[in-house]
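The values are calculated or read from the model by the stated rules, or taken from the named source; none is laboratory data. Since we're looking at a predicted model, the values are computed, not measured. Don't worry about glycine lacking a Cβ; one is built from the backbone with ideal geometry, like all the others, and counts go over all protein chains shown. Keep in mind that these areas ignore ligands, DNA and RNA; they rest on the heavy atoms of the full protein, side chains included. Shrake-Rupley method; radii C 1.70, N 1.55, O 1.52, S 1.80 Å.
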Amino acid sequence: MEVLQAFERAGAILLDHHFVYNSGKHGPHYIDADSLFPDTELMNVIIDAMSEPWTHKTVEVVVGPPIGGLVLSTMAAARWPGPRAPELVWPTKDGKQFFFERAGFAGRLTGKRVLIFEDLLNTGGSVERVKEQVERHGGVVIGVTVMCNRGKATAESLGVDCLEAHSTV
């Protein structure tokens, strides 16, 4: 299933307007990933596609920036194939910063192999800030998986070994 087609069918791609993105940058286009989340059947297909490249690797914890990444990582942990599902933790967001300060989540990252889920990558700033916090608490980020990379983010620019994007714009 092509994720970009799902965005188009849901009317989630808005063109030729003026938008201010979370990064503070301005642009003429916007993708509303939230409009896909209520369609749980479609989201199961997308989650399976996002998780599949990682099923042969050891993933001990999944995380995602609120809100889109949190929805995706929660669904992925619940649907993870194989004998052992990864743990799920999520950061609290304060302004543009993320913190793993609730429910002992910081301790659940220490020494663990962590996969970051995200809905949309524009600049990659949210993923970078989550990655910094995972590493601050002793976790090892093994990669990032995203529904759509609409910016120029690369594995190298995010400082990870692997970036899986299931659609690009």
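Of all residues in the stretch 130-160 being under 12 Å from the mean Cα position of the chain (by Cα) and assigned to a helix (DSSP H, G or I), which is surrounded by the fewest Cβ atoms within 10 Å (Cβ to Cβ)?
LYS131
Restricting the search to the stretch 1-32, which residues are farther than 15 Å from GLY151 by Cα, assigned to a helix (DSSP H, G or I) and open to solvent by less than 70 Å² (accessible area, probe 1.4 Å)?
VAL3, ALA6, PHE7, listed by residue number.
For the stretch 33-54, what are the residues that are in a loop (DSSP other than H, G, I, E, B) and of a type outside the set (Asp, Glu)?
LEU36, PHE37, PRO38
Of the numbered conditions (1) modelled with pLDDT of 95 or more; (2) touching a Ser or Thr at 6+ places or on another chain (Cβ under 8 Å); (3) open to solvent by 10 Å² or more (accessible area, probe 1.4 Å), GLY64 fails exactly one; give the number of that condition.
Result: GLY64 passes all but (3).
What number of residues within the stretch 91-112 are open to solvent by 80 Å² or more (accessible area, probe 1.4 Å) and under 19 Å from the mean Cα position of the chain (by Cα)?
So the answer is 5.
Tally up the residues in the stretch 20-29 that are out of contact with any His (no Cβ under 6 Å at 6 or more places or on another chain) and either modelled with pLDDT of 80 or more or farther than 26 Å from MET43 by Cα (or both), please.
5
Which members of the stretch 91-125 meet the condition of being part of a strand (DSSP E or B) and closer than 16 Å to ASN22 by Cβ?
Across the stretch 91-125, the qualifying residues are LYS93, ASP94, GLN97, PHE98, GLU118, ASP119, LEU120, LEU121.
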